[in-house]
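Colleague: Take this structure first; my questions come after.
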Amino acid sequence: MKNNSKGERVRQMFDRIAPTYDRLNHLLSLGIDRRWRRKAVDSLGRFFPSEAGEGLILDVATGTGDFAMLLAERLQPRHITGADISEGMMDVGRRKVREAGLQDIISFEHGDCMALSLPDDTFDAVTSAYGVRNFPDLDQGLREMRRVLKPGGHLLIVELTPPPRFPMKQMFWLYAHVVMPIIGRLVSHDSSAYTYLPASMEAFPQAEAMEGILKRAGFAEVEWRRFTFGISTMYLARK
């Protein structure tokens, strides 16, 4: 019941902030998030089918489709399915995909990350950028992502993480707890969403702890890499 309640609160929050979500993401990260995403996608590209028009990708917690569109541009897969619990976010994504002429490559479907309505062993890669920390049950969500991956397929996760060392750790705490909520409230007119963000970052397991969780979920060859003093971290693993 508690997990279902968290999932519903997260859905409602993202529905509310969907119209301003992309603008705020880039504003709050000073545009650096675009570089993090590119580095993560290129890391996945080492293992993805090299022929253009091959391979299937599932992008979990796809939001407004930014990461799915980057995957389409840099990896040129046959198809990408974007799944999310927020129809408001996906409505923004569908419009962006149509404007970019990618509607034949990227499709969106309402999906609960705890119980994906997708068959086993389907996708060459499963990805999630800045969405896994919102899972009501991280272990269950990872098991679902593993279930729909083909044997030998790869999982790619990119998440926001508090920097581990002085002075960036202290500077980022001040930015996340003071500056970020003020800017978020001014732009999105939502009093809770950008207070939730730093809290969800701090609660999310990091680095070696996340590596252990991925291994317990049945993944192998887990590697992780910090970006920009550890503000963002990439995790890559194989089924």
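What follows draws every value from the coordinates through simple rules; no lab data is involved. Please read all numbers here as calculations on a predicted model, not as lab measurements. Cβ placement follows ideal geometry from the backbone for every residue including glycine, while neighbour counts extend to all protein chains displayed.
Colleague: What is the order of 107, 232, fewest Cβ neighbours within 10 Å to most? Write down the numbers at each step before the final one.
Modeller: Details: 107 15, 232 25.
Fewest-to-most Cβ neighbours within 10 Å comes out as 107, 232.
Colleague: Net charge near residue 39, counting Lys/Arg +1 and Asp/Glu -1 over other residues with Cβ under 15 Å of its Cβ? Let's see the in-between values first.
Modeller: Values: positive: 34, 35, 37, 38, 46, 74, 225, 226; negative: 33, 42, 66, 73, 159, 223.
Neighbourhood net charge equals +2.
Colleague: Order of 17, 80 from fewest to most other C-beta atoms within 10 Å? Numbers along the way, then the final one.
Modeller: On the way: 17 20, 80 27.
With the sparsest Cβ surroundings first, the list reads 17, 80.
Colleague: In a shell of Cβ-Cβ distance under 13 Å around residue 162, excluding residue 162 itself, what net charge do Lys and Arg (+1) and Asp and Glu (-1) give?
Modeller: On the way: positive: 133, 165, 169, 226; negative: 159, 202.
Summing Lys/Arg as +1 and Asp/Glu as -1 gives +2.
Colleague: Dipole size in debye (nearest 20) for region 173-237 around its Cα centre, Lys and Arg Cβ +1, Asp and Glu Cβ -1? Let's see the in-between values first.
Modeller: On the way: 5 positive and 6 negative charges, 14 e Å.
Value, rounded to 20: 60 debye.
Colleague: Here is a follow-up. Per the Cauchy relation, a quarter of the hull surface: what is the mean projected area of the convex hull of the alpha carbons in region 1-132, in nm²? Mind showing how you got there, number by number?
Modeller: Values: hull surface 32.8 nm².
It is 8.2 nm².
Colleague: Let me ask something additional. Only Lys, Arg, Asp and Glu count, each charged at its Cβ (+1, +1, -1, -1), so figure out the dipole size of the chain about its Cα centre, rounded to 20 debye. Present the calculation step by step, with values, prior to reporting the outcome.
Modeller: Details: 32 positive and 30 negative charges, 134 e Å.
Around 640 debye, computed over the chain.
Colleague: For a 24 Å ceiling on Cα separation, which of these pairs sit above it: 39/239; 96/169; 39/169; 6/39?
Modeller: On the way: 39/239 21 Å; 96/169 35 Å; 39/169 22 Å; 6/39 31 Å.
Pairs exceeding the cut-off: 96/169; 6/39.
Colleague: Identify, among 7, 178, 44, the residue whose Cα sits farthest towards the positive end of the charge dipole of the chain, taking +1 on the Cβ of Lys and Arg and -1 on the Cβ of Asp and Glu, with the dipole about the Cα centre.
Modeller: Ranked along the dipole, the leading option is 178.
Colleague: Taking the chain as a Gaussian network, where each spring joins two C-alpha atoms under 10 Å apart, which residue of 29, 128, 86 fluctuates the most?
Modeller: Judging by the Gaussian network model, the answer is 29.
Colleague: Around residue 85, under 12 Å between beta carbons, what's the net of Lys plus Arg minus Asp minus Glu among the other residues?
Modeller: Values: positive: 6, 9, 11; negative: 8, 15, 84, 87, 109, 112.
Summing Lys and Arg as +1 and Asp and Glu as -1 gives -3.
Colleague: Quick check on the exposure proxy: order 99, 221, 211 from fewest to most C-beta atoms within 10 angstrom.
Modeller: Numbers: 99 9, 221 12, 211 17.
Fewest-to-most Cβ neighbours within 10 Å comes out as 99, 221, 211.
Colleague: Restricting the count to DSSP beta bridges whose residues both fall in the chain, what percent are antiparallel, rounded to a multiple of 5? Don't jump to the answer; show the numbers that get you there.
Modeller: Numbers: 13 of 32 bridges.
About 40 percent, rounded to the nearest 5.
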